[in-house]
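Notes to accompany the following structure.
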Amino acid sequence: MSTNHDEPPAAKYYHYLCLLTFVVFVSCDSTPKTIVESTTGTSKTDTAVATAPAAEKKKPKKKIYLTFDDGPNKGTDNVLNIVKEENIPVTFFLVGAHAFGSKAQQVTWDSLQASKLVELCNHSFTHAWYNSYNKFYSLPDSVVSDFHKTTNRLQLKNGIGRTPGRNIWRVDSIQFTDNAKTKAAADSLYNAGYDMLGWDLEWHFNPKTMRAIKSGDDLANQIDSLLLKNKTKQPGNLVLLAHDQVYKNAEDSLQLHQLIRRLKANSEYEFAVASNYPGVKKKSITDSMLRRNMSKSDSLRKNNTINKDTNRVVKPAIG
Ligand SMILES: [Zn+2]
């Protein structure tokens, strides 16, 4: 008796082969079909899945500008070591006289120049005539001359400055002066070619002990809150002011390290330097710009005073 079960082995294999080809065709076909549907928007579910990564990519990160004032100084080396260990970009606003101060300050100045992670900007030459803020800012041409001296002597590559003791902003996008008496000096700096960067948040310290008042975690919480509530000068950008000298203390260095770790752990944040700030012109101060002001204002402040004072270390009362 002959039945289908008795068909020759070759025919049986032929049927299996046809069945296998069909299964492979169906399973291979299903994947590209899903992609085509999702990109043409025929399936809501597929569209969401396909476009989510693209939307995530487009979301700009919030920029944190860590800025350190008054170096080269005690504490600068500790800051620099932490920055290198964490491999993040930061900005130092330098006091020109400090780069020519003690032997230790000169060595620190060399280290700052050698690091590719740091941007070096101008915090005047004498730190407002060693914290004589009112007198200093009453003579706008002399203020410009003091900044020019740092640009010239330190051979700074950019025209970004920060006023000692005053939270002044002069970039294309922001014009802000915290003290009306410094407005003329701020305008003169801007007209002389400087972009002036103030700060959104200061990491305060006790001026008697030079110790930080808040912990790294407290600062990180403040930063989160300011950015979340759009309470910075530019939404999505936060400039933190800190002072090198504070971090000569080992415990405060640990707190700085903790702050950086906290900020790094937040995928919404990235670190940036002053020249990345919106509205900064990215222009350097040229020799002709330097000469224009220096010749006019040098008589206001005799050079020998500056030379005599170069070994002094500024204790930053504010700014
Ligand atoms: Zn300062």
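Read-outs throughout are calculated quantities, based only on the coordinates presented, and are distinct from any laboratory measurement. Computed from a prediction, not measured in an experiment: that's the story for all the values here. As a convention, Cβ positions derive from the backbone with ideal geometry for all residues, glycine included, and neighbour counts pool all protein chains shown.
Listing for the model above:
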{"quantity": "Under Karplus coefficients 6.51, -1.76 and 1.60, residue-wise ³J(HN,Hα) of segment 216-226 in Hz, glycine/proline x", "calculated": "x, 5, 4, 5, 4, 5, 4, 4, 4, 5, 4"}
{"quantity": "Radius 11 Å from Cβ of residue 276, net charge of other residues (Lys, Arg +1; Asp, Glu -1)", "calculated": "0"}
{"quantity": "Ranked by how many other beta carbons lie within 10 Å on average, peptides 267-277, 121-131 from highest", "calculated": "121-131, 267-277"}
{"quantity": "Net lengthening on full extension, residue 228/residue 270 (0.36 nm per residue, minus Cα-Cα)", "calculated": "13.6 nm"}
{"quantity": "20 Å Cα-Cα threshold exceeded, pairs from 231/281; 63/229; 61/264; 58/116; 62/233; 84/208", "calculated": "231/281; 58/116; 84/208"}
